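Quick notes on the structure that follows.
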Amino acid sequence: MSNLKEEVLSRRTFAIISHPDAGKTTLTEKLLLFGGAIRDAGTVKGKKTGKYATSDWMEIEKQRGISVTSSVMQFDYNDARVNILDTPGHQDFSEDTYRTLTAVDSAVMIIDAAKGIEEQTLKLFKVCRMRGIPIFTFMNKLDRQAKAPLELLAELEEVMGIESYPMNWPIGMGKEFLGIYDRFNNRIEQFRVDEDERFVTLNDDGEIDGAHTLKDSGLYDQTLDEIMLLNEAGNEFSRERIAKGELTPVFFGSALTNFGVQTFLESYLQFAPPPQPRNSTNGEIDPLSEEFSGFIFKIQANMNPAHRDRIAFLRICSGKFERGMSVNVPRVGKQIKLAQSTQFMADDRSTVNEAVSGDIIGIYDPGTYQIGDTLTSGKNQFQFERLPQFTPELFVRVTAKNVMKQKHFHKGIQQLVQEGAIQLFKTVKTDDYLLGAVGQLQYEVFEHRMKNEYNTEVLMERLGSKIARWVEDEEVNENLSSARSLLVNDRYEKKVFLFENDFALRWFNDKNPDVKLYNPMDQQ
Ligand code: G4P
């Protein structure tokens, strides 16, 4: 690794955000194929073959046949090194999924063009928005009947509140899908034609010169009309606004048939930002600076059940990681030698010797790290900004099955909460332990780990979904607590109301206008 600057600037680190079934796995596979990281489609998630390449580390994963963790995949394309961080789907949705978005520099949003914007995409989009992450949109499945492209753009604007710039535009769809009009490269890419005829170059007016079979179809004229409309009334392309996450470039295509994917990848690499500076107690940390730093955004326990090991996922933010280097962990005030490190690929885990800003590596965790920990190597010690807190939506009341195991129970809960695996609350009146999560899977992981790591079986009573709102003032009348608006303390002794539903929240607000409530996810 000769030139640190060049290395860092070649990095593109992103997560794919989407609703399950929009085509995230299919697109990831195609990208990995372009990058030569895998040889066959079906390697990332072999639903049919039963081959799970990315991760089959945890018992639960094997039982459920899903990938619990946000895994990391890396490949090279032209001069770029691309890191893709996976964000798991709805059954395995968890706080980890959200936290993954703190470790990326951009996001790719895949939308099933027949369905438009769906719930999980919107949730993840909001986190990207909150963090100002640039978003690139891929409208997928154009080989099938889909919503009208203009309708899809309107949805982006109305539901998500983001402006869009279509980089290309579909010519027909479904059975009549002829290809895409590539505004950016001033060419048409034809669907299902031989490689040598695939691209048709356009003249300066954005039209085909001379005769062409495409012109025989009414769809060509319709596309030209729509392109004219976009040119006149649409948003202007702006690299700066893309970088700020205010404007999303939109690409149409079909991941399954590998159509429009390469054009998307090449434009993405051109406009997606390299590793960005991050805020710390010492101000912004420049990704090009020589001193090594990074932060831990996720801890995965029991990756290898035989060894009970834990892996901490580290996003490198500056300098160069070298195997065996010593780093400071300011929170614990200790120096640690990073002897065992792992790099993630699509089909295995391999040892990494060197990595730079933008890369994600796994480091062996003997039980030292917590989510959000900063690691530094220089004399200047600092800590990166605290990771955001995500509002839990699902709650359970938890107790130890065996009252004799209280000590283990408390220790287990404290550690798992500190690690960020789950959020803990205590009811104000009765001191019951409640757990909060953003997805059901977090409970399964919690139960599994309490049993296997802390030798404690737990009883969990489902309380279902609640709307959690934090109270601004320190003091609040405890008598306002009821079954429909339960008052609890979070782990920092901050008061939180858990409302049964939207109606209960509105009713409470009407009756108690003096009690100011907020959702932490709206404030970060
Ligand atoms: P996900 O990771 O976002 O959950 O989605 P995934 O890629 O697994 O795709 C979901 C389904 O949509 C798959 O079909 C996949 O083949 C299909 N699909 C993805 N991209 C396209 C596309 O561009 N066009 C069309 N027509 N279909 C697409 P499945 O039958 O549910 O899964 P499988 O059994 O084929 O794996």
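Since every read-out is calculated from the coordinates, none of them should be taken as a lab result. As the structure is a computational prediction, the values presented were derived from the model and not from experiment. Note: ideal-geometry Cβ built from the backbone for every residue, glycine included; neighbour counts use all protein chains shown.
For a label point 7 angstrom out from the Cα of LYS429 toward its Cβ, which stretches of the range 478-497 have the backbone nitrogen within less than 18 Å?
Under cut-off, by backbone N: 478-490, 495-497.
Along Cα→Cβ, 7 Å out, is where each label goes; now give me the distance between the ones at ASP514 and GLU475 in nm to one decimal.
Simple spin-label model gives 0.9 nm for this pair.
Once you wrap a convex hull around the alpha carbon atoms of the range 390-444, what is its projected area averaged over all directions, in nm²?
It is 4.1 nm².
In degrees from 0 to 90, rounded to the nearest 10, what is the angle of the helix 24-34 Cα long axis to the longest principal axis of the chain?
60 degrees
Restricting to Cα pairs below 8 Å that are 6+ residues apart, what does the relative contact order work out to for the range 125-227? Please round to a whole percent.
On the way: 107 pairs, mean separation 17.1, N = 103.
Dividing the mean separation by the residue count of the range 125-227 yields 17 percent.
For LYS407, go through the aspartates and glutamates and keep the ones whose alpha-carbon is under 15 Å away, minus same-chain ones fewer than eight residues off.
GLU453, GLU457
Express the relative contact order of the range 451-524 as a whole percentage, based on alpha carbon pairs under 8 Å and six or more residues apart in sequence.
35 percent
Between HIS410 and GLU119, what FRET efficiency follows from the Cβ-Cβ distance if R0 is 22 Å, with the result rounded to 0.05? Mind dumping the intermediate values first?
Details: r = 36 Å, r/R0 = 1.63.
Efficiency at R0 = 22 Å is approximately 0.05.
Determine the calculated [θ] at 222 nm for the chain from helices alone, applying -39500 (n - 2.57) to every DSSP H run no shorter than 4 residues and normalising by the residue count; nearest 500 deg cm²/dmol. Before the final figure, lay out each step's value.
Numbers: 13 runs with 122 residues, N = 524.
Dividing the helical sum by the residues of the chain leaves -6500 deg cm²/dmol.
So what are the three principal axis dimensions of the range 235-280 from its Cα atoms, in whole Å, longest to shortest?
Per principal axis, max minus min of the Cα coordinates gives 44, 26, 14 Å.
What ratio of Cα Rg to 2.2 N^0.38 Å holds for the chain?
The reported ratio for this selection is 1.04.
Based on the Cα coordinates of the range 170-254, what is the per residue volume of their convex hull in Å³?
Once divided by residue count, the hull of the range 170-254 is 120 Å³.
Nearest 10 degrees is fine. How inclined is helix 261-271 to the longest principal axis of the chain, computing both from alpha carbons?
Result, in degrees: 70.
Measuring from label point to label point, each 7 Å out along Cα→Cβ, what is the GLN370 to ARG192 span in nm?
Going from the GLN370 label point to the ARG192 one covers 5.7 nm.
Given contacts defined as C-alpha pairs under 8 Å and at least six residues apart, what's the relative contact order of the chain, whole-number percent?
Answer for the chain is 14 percent.
What share of Cα pairs, in percent, lie more than 18 angstrom apart in the range 358-484?
Numbers: 5004 of 8001 pairs.
Tail fraction, whole percent: 63.
Apply 1/(1 + (r/R0)^6) to the Cβ-Cβ distance of GLU232 and GLU176, taking R0 = 22 Å, and write down the FRET efficiency to the nearest 0.05.
0.30
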